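Below: the structure, in structure tokens.
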2 protein chains.
Amino acid sequence: MGTSRTGAAGAASRISVSRTGRSAPAPRTGRKTPLSVVQPKSLPLNEILLGDCIANLEKLPPESVDVVFADPPYNLQLEQALTRPDQSLVDAVDDDWDKFASFADYDAFTRAWLSAVRRVMKKNATLWVIGSYHNIFRVGAALQDLDFWILNDIVWRKANPMPNFKGRRFTNAHETMIWASRGADSKGYTFHYDALKAGNEDVQMRSDWFIPICTGDERLKDENGRKVHPTQKPEALLARVLLSSSNPGDVVLDPFFGSGTTGAVAKLLGRNFIGLERDPTYAKAARKRIDAVVPLDDASVSAPPEKRTEVRVPFLSLIEGGYVKAGETLVDERRRHKAVVRADGTLALGPIVGSIHKIGALTQGFPSCNGWTFWNVERDGKLISIDEFRTKVRAEMAA
Amino acid sequence: MGTSRTGAAGAASRISVSRTGRSAPAPRTGRKTPLSVVQPKSLPLNEILLGDCIANLEKLPPESVDVVFADPPYNLQLEQALTRPDQSLVDAVDDDWDKFASFADYDAFTRAWLSAVRRVMKKNATLWVIGSYHNIFRVGAALQDLDFWILNDIVWRKANPMPNFKGRRFTNAHETMIWASRGADSKGYTFHYDALKAGNEDVQMRSDWFIPICTGDERLKDENGRKVHPTQKPEALLARVLLSSSNPGDVVLDPFFGSGTTGAVAKLLGRNFIGLERDPTYAKAARKRIDAVVPLDDASVSAPPEKRTEVRVPFLSLIEGGYVKAGETLVDERRRHKAVVRADGTLALGPIVGSIHKIGALTQGFPSCNGWTFWNVERDGKLISIDEFRTKVRAEMAA
DNA sequence: TCAAGGCTTGAATCGGCTC
DNA sequence: GGAGCCGATTCAAGCCTTG
């Protein structure tokens, strides 16, 4: 999320963020409450430290933070401009802070900041790192080599990802977060299992989270209406991270603070934060943003209800679920039209292949057709709408 | 999926799987059709090679396979037995083949088999590897170090994952697959974009797949009713993998064949397979399983024609076919741009002459333009896209 | 004031054949 | 191998304009 990578290792500037009425840090409510709940005096709580991330980490006292959220550069390695089908240019992440000469360089950078972060983590602290396939494998391997203990990998499924414009790959619709404790012996980490379950229709929270990307009013803009930061993360993502793995009053460290999402959500949820950021423009925008946050009541700092929308079911899932078989014949309600199911989830009408909707429309000579309600299969002499199977698949997906 | 790791490097036994009525491998239908569609004589098609995976890989001819699906040991590092809330014992993966002394050992193993696999991949072959957070980060980093080029990471979201019994983590509800080409210059890989889109409600297939785990009749059991293999993958998963990234007649290699899901689905979908497996019990069960598979009709498994491989039609053919007349005016959909048709199949924009694409780009000020979908002619007061005429010309050419 | 439709945009390793 | 050219390619949200 930030750029605190290559700055000078000199003395850090501090940007203090206005306090919020909340006074001293609240005591941790996790089970293994430490003897002293007061943070070390030198801990710069609710401040943004300007300067090199590793140099600043080295100035913090050891074993002093409860949770770390890190959104490091992804090392995207883009080589050419990309245009949408309408010929508009995609605004790529081409900032200097995301450029590395080689994988070896990126690995060295990764191991350096991870080591520095590990030193300031309390024994039962946990670390979150987010990334994409460009960097997450290197980050994960480095974590393991440095004796972090991976607890989960979490998939952030984007509600509205950028499409694959050239049609040469699958839509890159998710990013990956790794959640790790400081070591295999750090068994007392915070995890609000019951709260998450209660907020998730009374079933355990899974490792795949469906959350929209950051847009609209939440997205920080400068005076010219341009986005302040190219990769601002949604607050909903950070909220779930902090609600699941931290307590009110905890210290949350973000070594790549960027636009300050971690700080804004920490303040909202009654956590303390420490932000490290190299770029003064980002830090200034983050401070302004955080100052405007009004913390929630202590009582309401619990898991927010999930919003549910009806999920789109690929017809292919009906084949995969065993409801419909490749090679069998679909018919309409009056058995006037037929089409054959193909293994890839398309239908064949003689030589013509298309979706259940396209073929449904074609066989009737209509411009469009809802294939779900048009097509049926025969089971024990009776016709069953494929829409019934879709309902069942949806139920399975929700379970 | 299998165990072909530590076996002796001696001569491989071959377990031949009965052929299926399907005779010689069908020619690839991808664009870069090789001069010879016959596989090298020494390629052991539709066989399971017993023995050490790397030793067997080294015996295969170079650049001979089209797709690789690999389900290597996960290196789970389980330290104690796990019980459910009702105190029943969870049947964990505790086989010898999943035990490694250290991450360094696992890395060495990973790099060895990946290198051996890369040698037998054709230039435009792609590789799929599946894993969990225990091993996938190491695999991904090794892939990148060996110059594979990652195309996507795919999340297999399990419909029915095992819950987290102790309530100390998120339900581990997914596994990760990495899809990679042999190198950054391997641009001609197979990807059935249109078929996947048509089978997915006419929107692009995303990187997160929702598929049930392997249960019920699909799960191989021995005579005592115990599962044959601890990590048998669902056929639906392999089906989507092969339908998206291979053609009928292709050679699919699985270096950790295990219970033979890759072979069973390859046969079902008219692909050839090569399976490597160290454990004779697994290989025997796989052979029996594959022998029972009845392949689908060719018509159900072939990929529908991709739009980008359709016959190229010169614009001049529209004039020759009488659909468009020399001297008439083409306009865009909103009648903002105009150009005049010349007798040689070019367009004139004032003094400038060029192709339908060039002139379309020029008049809009874009770097490029698809003239077929941009330009229209007026007929009886209505605009008709010249692309409709192209469709008619194509139909005439096919007739 | 509202509804409908247009425009913009998002961490992206994004074409392929012929000459 | 490089240049030139044909022509294929996007989904969901949110904001804004238009009627």
Practice problem: Being β-branched (Val, Ile, Thr) and closer than 21 Å to B:Trp179 by Cβ is the filter here, so list the residues in the range B:42-92 that pass it. | Solution: B:Val65, B:Val67, B:Val68
Quiz item: Going through the range A:97-110 one residue at a time, which ones are away from DNA strand C (no atom under 12 Å from the Cβ), of a type outside the set (Gly, Ala, Ser) and farther than 13 Å from A:Ala70 by Cα?
Solution: A:Asp105, A:Asp107, A:Phe109
Quiz item: When the residues of the range A:142-155 are filtered to those that are in a helix (DSSP H, G or I) and closer than 11 Å to B:Tyr133 by Cβ, which remaining residue is nearest to the other protein chains (Cβ to nearest Cβ)?
Solution: A:Gln144
Exercise. Sort out which residues of the range B:192-214 are more than 16 Å from DNA strand C (Cβ to nearest atom) and more than 30 Å from B:Arg119 (Cβ to Cβ), and write them in order of number.
Key: B:Ala198, B:Gly199, B:Asn200, B:Glu201, B:Asp202, B:Phe210, B:Ile211, B:Pro212, B:Ile213, B:Cys214
Quiz item: Is it the case that some residue within the range A:107-127 is away from DNA strand D (no atom under 16 Å from the Cβ) and assigned to a loop (DSSP other than H, G, I, E, B)?
Solution: no
Practice problem: Determine if the range B:15-37 includes at least one residue that is outside any loop (DSSP other than H, G, I, E, B) and at pLDDT 95 or above. | Solution: no
Exercise. For B:Leu127, state whether it is crowded, with 21+ Cβ neighbours inside 10 Å, under 18 Å from B:Asp66 (Cβ atoms) and more than 8 Å from chain A (Cβ to nearest Cβ).
Key: yes
Quiz item: Filter the range B:206-228 for residues that are assigned to a loop (DSSP other than H, G, I, E, B) and touching a helix residue (DSSP H, G or I) at 6+ places or on another chain (Cβ under 6 Å); which is nearest to A:Lys166 (Cα to Cα)?
Solution: B:Leu220
Quiz prompt | Scan of the range B:229-255 for residues that are more than 22 Å from B:Pro161 (Cβ to Cβ) and either of a type in the set (A, V, I, L, M) or assigned to a loop (DSSP other than H, G, I, E, B) (or both), ordered by number | solution = B:Leu242, B:Leu243, B:Ser246, B:Asn247, B:Pro248, B:Gly249, B:Asp250, B:Val251, B:Val252, B:Leu253, B:Pro255
Exercise. Read through the list (1) within 16 Å of DNA strand D (Cβ to nearest atom); (2) over 24 Å from A:Pro72 (Cβ atoms); (3) at the interface with another protein chain (Cβ under 10 Å from one of its Cβ atoms), then give the number of the only condition that A:Lys158 fails.
Key: (2)
Practice problem: All but one of (1) closer than 30 Å to B:Ala348 by Cα; (2) surrounded by fewer than 20 Cβ atoms within 10 Å (Cβ to Cβ) hold for B:Pro280, so report the exception by its number. | Solution: (1)
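Of all residues in the range A:341-374, count the ones that are β-branched (Val, Ile, Thr) and either at pLDDT below 90 or out of contact with any helix residue (DSSP H, G or I) (no Cβ under 6 Å at 6 or more places or on another chain) (or both).
Matching residues across the range A:341-374 total 5.
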Quiz item: If you take the residues of the range B:357-390 that are within 14 Å of chain A (Cβ to nearest Cβ) and surrounded by fewer than 13 Cβ atoms within 10 Å (Cβ to Cβ), which of them is farthest from the chain's Cα centre (by Cα)?
Solution: B:Gly365
Quiz item: Among B:Thr171, B:Thr190, B:Thr215, B:Thr231, which is among the β-branched types (Val, Ile, Thr) and within 16 Å of DNA strand D (Cβ to nearest atom)?
Solution: B:Thr190
Quiz item: Looking at the range B:291-338, which of the residues that are more than 16 Å from DNA strand C (Cβ to nearest atom) and among the hydroxyl-bearing types (Ser, Thr, Tyr) is modelled with the lowest pLDDT?
Solution: B:Ser302
Quiz prompt | Selection count, the range B:274-331, where residues are within 14 Å of DNA strand D (Cβ to nearest atom), in a helix (DSSP H, G or I) and within 14 Å of chain A (Cβ to nearest Cβ) | solution = 3
Quiz item: Which number in (1) within 13 Å of chain B (Cβ to nearest Cβ); (2) of a type in the set (S, T, N, Q); (3) out of contact with any strand residue (DSSP E or B) (no Cβ under 9 Å at 6 or more places or on another chain) marks the one condition that A:Ser115 misses?
Solution: (1)
Exercise. Could you please find all residues in the range A:50-68 being in a strand (DSSP E or B) and closer than 30 Å to A:His192 by Cα?
Key: A:Val65, A:Asp66, A:Val67, A:Val68
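Matching residues to (1) more than 10 Å from chain B (Cβ to nearest Cβ); (2) in contact with a Ser or Thr (Cβ under 6 Å, 6 or more places away or on another chain); (3) surrounded by 22 or more Cβ atoms within 10 Å (Cβ to Cβ); (4) farther than 25 Å from A:Ile54 by Cα:
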site	(1), (2), (3), (4)
A:Gly140	no, no, yes, no
A:Pro163	no, yes, no, yes
A:Arg169	no, no, no, yes
A:Phe210	no, no, no, yes
A:Leu253	yes, no, yes, no
Quiz item: So which residues in the range B:156-191 are within 30 Å of B:Val251 (Cβ to Cβ) and either away from DNA strand C (no atom under 16 Å from the Cβ) or in contact with a Phe, Trp or Tyr (Cβ under 6 Å, 6 or more places away or on another chain) (or both), if there are any at all?
Solution: B:Trp156, B:Arg157, B:Lys158, B:His174, B:Glu175, B:Met177, B:Trp179, B:Ala180, B:Ser181, B:Gly183, B:Ala184
Quiz prompt | Every pair of residues 6+ apart whose Cβ atoms lie under 7 Å, when the first sits in the range B:172-189 and is assigned by the TED database to the domain that holds B:Val155 while the second is of a type in the set (Val, Ile, Thr) and surrounded by fewer than 22 Cβ atoms within 10 Å (Cβ to Cβ) | solution = B:Ile178/B:Ile150; B:Ala180/B:Ile150
Quiz item: Condition test on A:Glu79, is it farther than 27 Å from A:Asp291 by Cα, within 12 Å of chain B (Cβ to nearest Cβ) and surrounded by fewer than 18 Cβ atoms within 10 Å (Cβ to Cβ)?
Solution: yes
Quiz prompt | Only one of B:Gly365, B:Gly345, B:Gly360 that is touching a Leu at 6+ places or on another chain (Cβ under 6 Å) and within 16 Å of DNA strand D (Cβ to nearest atom) | solution = B:Gly345
Quiz item: Out of (1) over 20 Å from B:Val265 (Cα atoms); (2) in a loop (DSSP other than H, G, I, E, B); (3) at the interface with chain A (Cβ under 9 Å from one of its Cβ atoms), the odd one out for B:Asp194 is which?
Solution: (2)
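What about A:Val241, is it within 14 Å of another protein chain (Cβ to nearest Cβ), within 16 Å of DNA strand C (Cβ to nearest atom) and within 23 Å of the chain's Cα centre (by Cα)?
So A:Val241 passes the test.
The values are calculated or read from the model by the stated rules, or taken from the named source; none is laboratory data. On a predicted model such as this, the values are computed, not experimentally measured, just so you know. Backbone-built Cβ (ideal geometry, glycine too); neighbour counts: all protein chains shown.
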